[in-house]
Structures are given as C-alpha cells and as structure tokens.
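Only one structure is covered here, and it is reproduced in the block below.
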C-alpha cells in the first residue's frame, strides 16, 4: 500500500516545485577533471569522520547538513591512503559503464556473534540483501538498499525491542514464536535524485535524514526507520535551504498504527569560512481525524518560504510545531565547536520565574571535536552534552508526537534526560580503533500507579499533566531516577572500501541503575558487515 502514499506525496508537491530551492548529497564535485558524487546522508561515521577532518583543516565553508557540500579537489589529497575514498566517492573505474550510465551493484550482509555475561547467553545478528547505485551524466542518480535479517541480541537490546515492538533503526520486529527466540526484520531505503544545475536538486525516496554536526541530533536524527520523503535543496551564494516533506508511520507501544505527515524547513548560512548558523522548523500532523475521516497532506504546509506557526494558527489546528537553530565554529586548524537549540513550546514568563512549568519544552546540545589530537595524525576526539526537558516532543494527541515507526525523530532517549557522549578514534590506513563513553541521567515513567507521566515517554499525551497536578515544579530527571553508563572499545578493519565492508571486534560494559536496582551487562562481539548507515543501541 505504500505506493499510494508516494503517489499522494508527489501529487501534492508538484505545484510548488517551481518555488523551492536545494542541493542534495548527490551533487557533484571535481577532482582532476572527474566528477564524484557527494556523500550520502546516512553514511557510516567510520567513513565520514576522516572526510570531516580534511574539510575542517581547510579554510573552506561547510554547511550544517548531511551533505558537506565541499569541493573535493580543495579538501582531499589524492595520495591520502585512508580507505574511505572509494566508499564516499565512487571510483569510476570500478563501476559498470554503459555510455554515460555508471552503476554499482554488490551484496549487503552482516554476521555478528556475541556473549552477554549478565544474561549468560549468546547473541546473534545477521542480515543479507543487495545494494545498487548509479548515475547518468552526474545529473540523475539513484541508490537502493534492501535487507532481511534476524536478531537475538543482548538482554538490554531485547528489552528495548520487546517494549517498543521495533528493531532500532530498522523497523517492525516480527517475533519468532516467543521473544526469547529472537526477531526478524526487513529494511528498505533508496532514492532517485536529479540535479537541475548547481543550485537546485530534487530528490524523492525512502530513507533517513540527519541535521546537525553532533553524534546526536535534537532536530532530526537518523535513529528511526526509513520513511518516504521528497526533498528540495537549494544552494545560492553562502546559503543552503532545504524543504523536506515526509510520510511517517505512527506505531505506538500499544501496537496501534497509522499515518502522519511532516514538513521541514532548514536554512543554513555560512556567515564566514569558519562560522555556520542554521534555522530549523518542523510541523507534524496525523492523517486520521477521529475514527471515520482521513486527512491527507495539508497543502497549506507546502509553502516553501513561510513559517509554519502562523499557518498552524490560521488553520486552527492542534498540529505539533517545533523550531530550532544550530551553530558551528571552526577554531584553529583542527578544532570545531557545535551546538543546537530546540524549542517545542516556550513561555518567557515561566522561564524567567524558574517555576518548572511543564509547557516549557526545550532541548540543548553543546559539543566539541578535535582532529589530529595532540598533533597525532588521524587521531580525533569528540564530546558533547545533550539536554532535553520533560514532555518535549510529546503532544496532546499522541498521533502528533515527534516520532516515526515507534522511535523518536530526535534523540533516541526521548525526553527528560541529560547525556554526555565522548569518542576517541584513531584511523590508520584501513584500521579503526575507537573508545567510547556515554553517560545518561534520565527520569523514566512508571508503568503503574496514579502518577505515571513524568515526561520521558514521548508517546504519552501530555494532557495527563494537569490531572496529575504537576503543572509546575518539573525538572530533568523527575520520575524514576535512572543512571546509565556505557563504556566500550572496538577494533575495525575495512576490507572493501567500495562495499563499506569491515571486520569488527568490540567490547561494551553497560551499567544501569534504575531506582534501587543495578544491572551490569558486559558484552563482547565479533563480526563482519557491509555498512548500512548508523544504527544505535546505546540508549
């Protein structure tokens, strides 16, 4: 049935194509007279981080989007031996050539085995599938990934899947008899893209987006399943403007499913060659009006330049509208500060009075990256703090919450938390060594009792707040006080850059204290996989 949603989306978007602006990650850049596509939006960070390092070292403007939009010839040395080149920038010599048509096709597969000491059980995760991509004259391009897989993971990931009914980042979890027997899943993403010129790019597909410069994004992350979208990117002078229209799937923990829609604007401005600032807004609205009526994509939200809040008020609608901003500052040769602010709802009077009003729903991010740390080539460090107040992303009507396919569109933790994420990464030719430390303080919602909505679960209606009597006095961490720490190290070797294939060995030690209960879950794993973007289980 999904083809009907694609057709519906195209019909609504067609009237505004002439107004919109864009440049997408399939734009091209030059290197010794050859053209290479720009990085795809959901590339594995193992391949993107060295690319970011090269860009940061040059006095060159970089937009805060999934497309770094940089001139390859100015930023990357051809002699650089790091293995990411053939994966990010497809090697023309390895592609299938038929006149002006170039294509790649190769299998996707993964096989991970591990041992969960806490549960005294083995773990298994495998998938198989196919990837293909290609382009014609570097104006028209496409990419498709399809996999089917099976997962019987460590105890902490199994509990997430059991509660949410989804495999994080991959969609619906299908139970094999009982949860103890594991879960199967299917995943599809892809796009077709057309670059009209150096200004406009149009893209339609089923995939994920990530807006920001950090490990997390409070605005729009790649943590959920893929979804149908249409994107128009415009790049003029030092400004990049993205219009994104999507069809999302509403899967609540109760199992109820439905359709909802979202529209996004993202304006990114390179104020100088070292400073970038961006503005963001989004509106979420569900497709079902009561039990009998159906609401399609509202054409009022297709205007590519107007702010959504006035439109929302003019419609008298209860739709969920969010705004935000990002900033990025390159310092010296190797440093970079970045940050985000998200505003779901805001009242100045309550903010100034510090009264803990539940309706002040905001999030903040602040981070720092340092490349070639202490002068050591290809050694990078990243650390960031993310802070999201209770009830952020939630809505009176749960269908309008800021989620897709049972997972948040922002930080996968939801709301009512503060987290710190730090990474130390060394690249040496095809070898990657990375240590990580993630620390959370979150207030979970009880599953029983009179008071059970403290603002962490974004799938709950916030109408319960007044009923519970906690209109004021709210704070981050309220509810069941929970501390979570994850420390790990992994070794990866890139076997085939073209396929994004790597062999990996890793160890994670997960510590969780929920109320008076403490659980320590050491986990060791080894596997071989082809990259399928970024998948998260660290929440």
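Based on what the data block shows, is residue 171 modelled with pLDDT under 90 and either closer than 20 Å to residue 303 by Cα or under 18 Å from the mean Cα position of the chain (by Cα) (or both)?
Details: modelled with pLDDT under 90: yes; either closer than 20 Å to residue 303 by Cα or under 18 Å from the mean Cα position of the chain (by Cα) (or both): yes.
Criteria met by residue 171.
Across the range 365-397, what is the total count of residues that are in contact (Cβ under 8 Å) with a residue 60 or more places away in the chain, out of contact with any helix residue (DSSP H, G or I) (no Cβ under 8 Å at 6 or more places or on another chain) and either closer than 21 Å to residue 281 by Cα or in a loop (DSSP other than H, G, I, E, B) (or both)?
Quick first cut of the range 365-397, residues in contact (Cβ under 8 Å) with a residue 60 or more places away in the chain only: 365, 367, 369, 371-372, 378, 380, 382, 384, 386-397.
Still in the running and out of contact with any helix residue (DSSP H, G or I) (no Cβ under 8 Å at 6 or more places or on another chain): 365, 367, 382, 384, 386-390, 392-397.
Among the residues that remain, those that are also either closer than 21 Å to residue 281 by Cα or in a loop (DSSP other than H, G, I, E, B) (or both) are: 365, 386-390, 392-397.
Number of matching residues: 12.
Filter the range 496-511 for residues that are under 22 Å from residue 436 (Cα atoms) and in a strand (DSSP E or B) and give the result. Please lay out each step first, then the result.
Going residue by residue through the range 496-511, those that are under 22 Å from residue 436 (Cα atoms) are 500-511.
501, 502, 503, 504, 505, 506, 507, 508, 509, 510, 511, listed by residue number.
Could you pull out the residue among 435, 443 that is surrounded by 13 or more Cβ atoms within 10 Å (Cβ to Cβ), under 26 Å from the mean Cα position of the chain (by Cα), closer than 30 Å to residue 371 by Cα and modelled with pLDDT of 85 or more? Steps first, please.
Working: 443 fails: closer than 30 Å to residue 371 by Cα.
Among 435, 443, only 435 is surrounded by 13 or more Cβ atoms within 10 Å (Cβ to Cβ), under 26 Å from the mean Cα position of the chain (by Cα), closer than 30 Å to residue 371 by Cα and modelled with pLDDT of 85 or more.
Could you tell me whether any residue of the range 418-430 is at pLDDT below 95 and in contact with a helix residue (DSSP H, G or I) (Cβ under 6 Å, 6 or more places away or on another chain)?
yes
Are any residues in the range 408-442 in a strand (DSSP E or B), in contact with a strand residue (DSSP E or B) (Cβ under 6 Å, 6 or more places away or on another chain) and closer than 24 Å to residue 163 by Cα, and if so, which ones? Walk me through how you get there before you give the answer.
Keep residues of the range 408-442 that are in a strand (DSSP E or B), which gives 408, 417-428, 431-442.
Add one more test, that the residue is in contact with a strand residue (DSSP E or B) (Cβ under 6 Å, 6 or more places away or on another chain), and what stays is 417-426, 431-442.
Selection gives 417, 418, 419, 438, 439, 440, 441, 442.
Need a quick list: strands (runs of 3 or more DSSP E) entirely within the range 83-162 having at least 1 residues that are buried (at least 17 other Cβ atoms within 10 Å of the Cβ) and at pLDDT below 90.
Working: elements: 96-98, 101-116, 121-136, 140-152.
In the range 83-162, 101-116, 121-136, 140-152 are the strands (runs of 3 or more DSSP E) which contain 1 or more residues that are buried (at least 17 other Cβ atoms within 10 Å of the Cβ) and at pLDDT below 90.
Report, by residue number, each residue of the range 506-535 that is under 24 Å from the mean Cα position of the chain (by Cα), farther than 16 Å from residue 157 by Cβ and surrounded by fewer than 20 Cβ atoms within 10 Å (Cβ to Cβ).
Within the range 506-535, 528 is the sole residue that qualifies.
Can you name the condition, by its number, that residue 483 falls short on among (1) part of a strand (DSSP E or B); (2) out of contact with any strand residue (DSSP E or B) (no Cβ under 9 Å at 6 or more places or on another chain)?
(2)
Of everything in the range 372-416 that's on the phi > 0 side of the Ramachandran plot and within 21 Å of the chain's Cα centre (by Cα), which residue is surrounded by the fewest Cβ atoms within 10 Å (Cβ to Cβ)? Even if it seems obvious, please write down each step before you answer.
Residues of the range 372-416 on the phi > 0 side of the Ramachandran plot: 372, 374-375, 378, 391, 393, 405-406, 414, 416.
Those still in the list that are within 21 Å of the chain's Cα centre (by Cα) too: 391, 393, 405-406, 414, 416.
Details: 391: 26, 393: 25, 405: 22, 406: 24, 414: 26, 416: 26.
Of everything passing the filter in the range 372-416, 405 is surrounded by the fewest Cβ atoms within 10 Å (Cβ to Cβ).
So, residue 457, is that one in contact (Cβ under 8 Å) with a residue 24 or more places away in the chain, part of a loop (DSSP other than H, G, I, E, B) and either more than 19 Å from the chain's Cα centre (by Cα) or closer than 17 Å to residue 356 by Cβ (or both) or not? Even if it seems obvious, please write down each step before you answer.
Values: in contact (Cβ under 8 Å) with a residue 24 or more places away in the chain: yes; part of a loop (DSSP other than H, G, I, E, B): yes; either more than 19 Å from the chain's Cα centre (by Cα) or closer than 17 Å to residue 356 by Cβ (or both): no.
Answer is no for this residue.
The values are calculated or read from the model by the stated rules, or taken from the named source; none is laboratory data. It should be emphasised that the depicted structure is a prediction, and the values quoted were computed from it without experimental measurement. Backbone-built Cβ (ideal geometry, glycine too); neighbour counts: all protein chains shown.
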